[in-house]
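The values are calculated or read from the model by the stated rules, or taken from the named source; none is laboratory data. Everything quoted here is computed from the prediction, not taken from an experiment. Ideal geometry is used to build each Cβ from the backbone, glycine not excepted, and the neighbour counts take in all protein chains shown.
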Amino acid sequence: MSLRFKARYVAVPMLSALCIASVGSVQAQSTVYRDSYGLPSIEAKRFPDAMAGLGYAMASDNAELMIRNYHQACGRMAEIEGRSALLMDGFLQSLGLEAEASKKAASLTGEQKALIEAFCEGANRAIKEQHGKLPAWVDEQPVTPTDVLALAQLVNVAFPLQDAAGQLFAGIGSNQFAVSGKRSSSGHAILSADPHLTWNGVLAWYEFSLYSQNIKFHGVTLNGLPFGAMGHTDRIAWSMTNNDPALYSLYTVSTSAEHPGEYNYHGEWRKMETVKISLKYRDNGELKTSEQSFKRTAWGPMSPFKPVAVKLGAVGEWDQLDEMLAMARSKDAVEFRKALALRGLAMWNIVYADTAGHIGYQYNAHLARRNPAYDWRKTVSGADPGTKWGDLLSIDEMPHIEDPASGLLVNANSAPWLTPQGPGISETWPNYISTYGHTSRYDRLAEELNQDNRISVSNAMTYATDTRVPGARKAILQMPRKLTPANQPYVDALAVLRGWNGLANVDALGVALYAQWMQADHRCISLVRKAAAGKEWTEDETEVLTSALIKGAEKAKKLYGKLDIQWGEVHYSKRGNVTAPISGLGYYLPGDSTATVAPNYGPMINGRINCIGGSSFRMIVDLDPKGVHSYSILPYGEAHTPDSPHYTDQMVQFGRGEYKDTMFGLSTIRARAASKKQIAAVSKSGK
């Protein structure tokens, strides 16, 4: 069976003139190979040299994005964007991300110090080489370990910040599944990773391979971070989805005239701290200073608008760095789960698989024990001794399972107990662990995978990119035929919908009309769900849907000139001068979470959707013990620099639901690389 991916292999002559530098008498170096999509594969004998190569490659591609990410993490975006960013800068500085990162940077030792400093050195070399080609603010300060560590902290607490700071990172979800060796057609485990994020900004992925000492890794990290977030090695693969732990608490702060300047901290009076900060902002190219102050409690900063303080878990915790390295060094599923026991990663449903055919699931969270009598999803009293956090839960105390009887693990921001496709995980947990249930993406993935007893890599690709619109076909088939001349607009619209197979593929002719139908009346989507559940509509409900279809058809005719416009003409992505049709459908109705498995989304303006988020990196891993193979795709391309040939070169394939070969393995990339460059050894790190 042929795989659903397209690959571009470029035969490469070994370049006779390589850019080779040296530092002192040190001869060790890293080699950066790039495939035809610009994805770097870094090879080095010493791990610090590999990190320097990664920093160099990343900054060569995306220096501006890296520096923006560092500024955001440190609460210094106003230095780039001006006064409008001061409010968010003040909030992030009140959390102390940069301050904690600065303390950690000063105390770095051993391997952590060597690797982070080497990454920074490589990045700074690349930025220096681009002097004059980048905005001035990129050159103003070198990349430092404090920058890297602050960004690591921001990413680790991004999801609780999404809630606590009012949607700082919008459009976050994810799909993942793992197939055990006994359930696959080849006898190898298969893993699918599909994180759903916005495609630009701090959460945009950087894809790479790294080969050094005992690590052979392919996967993604965020621009500015040196360690892989998710991906695979030659032994194991892993993925993550949002698991909704309550990683923060909002505390009502109680004061009293009898205790001036103090607040009640779980039954004892403490002094309120006033912190003054100086924030810089750019004004007509000149840096100016704004003085701010905020109140801080033992929980964390006070809200500037109401007597509430936020306590955020994982800030100032640094086991995440050791944990990510331990994950990449794991030789099998057992060692991988031991790495998770460090609890350095703040959260995530983690699904993993190894070359022995084993699969596992861990509900992972840096989560403090709490009194289940309280509703931790709401503000609680800070004066109450019962609301004080306890010690951390161990990974054994949270939902987990290894090698379920089904041979499948499926999670799409769904409840932990749904993941193993059968018994094995209790349904009873405190609400501060998880409030998730079913999602439309989970239901469809689980349906597809459970119907296939011999899952192939090709089929896994098909399932991971499925575009069936939830409930649409059942609702359409339940609509009555009103065959009278007076109902001709309705008849014409229904004919288009009945001719549509319910898939949101780029060439589908009914999706645009369906979307306008659903938008014509907010009650329609709940009635579609009713039909999908096998229930008949009442006469009044049928009339709601009928009237909405006529209105939706009129709107579609006005917007598109016809009812049967191809979906890719109105659902696309645009970057620079390139526009590509995009399959899938997600979150097109305000306040509704209905989405296809491929939930690519964007705002609908004048009947058209310019997608800006959804599947942000798709990867399928075939864990063949004789040699791991993987296939991936990014929504735009590796580079975020408009003049790069890799700024838009994956858009068309991504929009069609295709994958590319990652060329994992040194022998493969050496033979097929489109370019090769050697980078000098780090000058001081890793000696």
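Looking at Thr241, Thr221, can you tell me which residue is free of Cβ contacts under 8 Å to residues at least 24 places away in the same chain and within 29 Å of Leu392 (Cα to Cα)?
Only one candidate passes the filter, namely Thr221.
Just to be sure before I move on: is Leu247 closer than 26 Å to Ser41 by Cα and in contact (Cβ under 8 Å) with a residue 60 or more places away in the chain in the structure I sent?
No, not satisfied.
Look at the range 482-495 and say how many of its residues are surrounded by fewer than 20 Cβ atoms within 10 Å (Cβ to Cβ) and either among the β-branched types (Val, Ile, Thr) or outside any loop (DSSP other than H, G, I, E, B) (or both).
Adding up the residues that qualify gives 9.
So if I check each of Glu100, Glu64, Glu79, which one is surrounded by fewer than 23 Cβ atoms within 10 Å (Cβ to Cβ), over 18 Å from Pro142 (Cα atoms) and either modelled with pLDDT of 95 or more or in contact with a helix residue (DSSP H, G or I) (Cβ under 7 Å, 6 or more places away or on another chain) (or both)?
Glu100
I'd like the full set of residues that are of a type in the set (Ser, Thr, Tyr) and not in a loop (DSSP other than H, G, I, E, B), limited to the range 368-385.
Within the range 368-385, just Ser381 meets the criteria.
Hey, any hits in the range 679-687 for a residue that's charged (D, E, K, R), touching an Asp or Glu at 6+ places or on another chain (Cβ under 8 Å), modelled with pLDDT of 95 or more and in a loop (DSSP other than H, G, I, E, B)?
Within the range 679-687, none of the residues are charged (D, E, K, R), touching an Asp or Glu at 6+ places or on another chain (Cβ under 8 Å), modelled with pLDDT of 95 or more and in a loop (DSSP other than H, G, I, E, B).
Name the residue, out of Trp376, Trp348, that is hydrophobic (A, V, I, L, M, F, W, C) and more than 23 Å from Ser630 (Cα to Cα).
One residue alone meets the criteria, Trp376.
Restricting the search to the range 314-354, which residues are part of a loop (DSSP other than H, G, I, E, B), among the basic types (Lys, Arg) and touching a residue at least 60 places away in the same chain (Cβ under 8 Å)?
Lys331
Find all pairs meeting these conditions: Cβ atoms under 8 angstrom apart; at least six residues apart or on different chains; first residue within the range 412-427 and modelled with pLDDT of 95 or more; second residue outside any loop (DSSP other than H, G, I, E, B) and surrounded by fewer than 18 Cβ atoms within 10 Å (Cβ to Cβ).
Sorted first by the residue in the range 412-427, then by its partner, the pairs are Gln421/Asn450.
I'd like to check which helices (runs of 4 or more DSSP H) are fully inside the range 58-144 and have at least 2 residues that are under 26 Å from the mean Cα position of the chain (by Cα) and in contact (Cβ under 8 Å) with a residue 24 or more places away in the chain.
Passing ranges, in order: 78-81, 86-95, 97-107, 110-129.
Mind checking which strands (runs of 3 or more DSSP E) fall wholly inside the range 588-656 and carry at least 3 residues that are among the hydrophobic types (A, V, I, L, M, F, W, C) and either touching a Lys or Arg at 6+ places or on another chain (Cβ under 6 Å) or surrounded by 24 or more Cβ atoms within 10 Å (Cβ to Cβ) (or both)?
Fully inside the range 588-656 and qualifying: 618-623.
Quick one: Tyr463 ticks every box in (1) touching a helix residue (DSSP H, G or I) at 6+ places or on another chain (Cβ under 9 Å); (2) among the aromatic types (Phe, Trp, Tyr); (3) at pLDDT below 95 except a single one, so which number is it?
(3)
If the requirement is being under 23 Å from Ile605 (Cα atoms) and of a type in the set (Asp, Glu), which of these qualifies: Asp507, Asp492?
Within the list Asp507, Asp492, the selection yields Asp507.
Go through the range 169-216 and give me each residue that's buried (at least 21 other Cβ atoms within 10 Å of the Cβ), polar (S, T, N, Q) and part of a strand (DSSP E or B).
Ser174, Asn175, Gln176, Ser184, Ser192, Ser209
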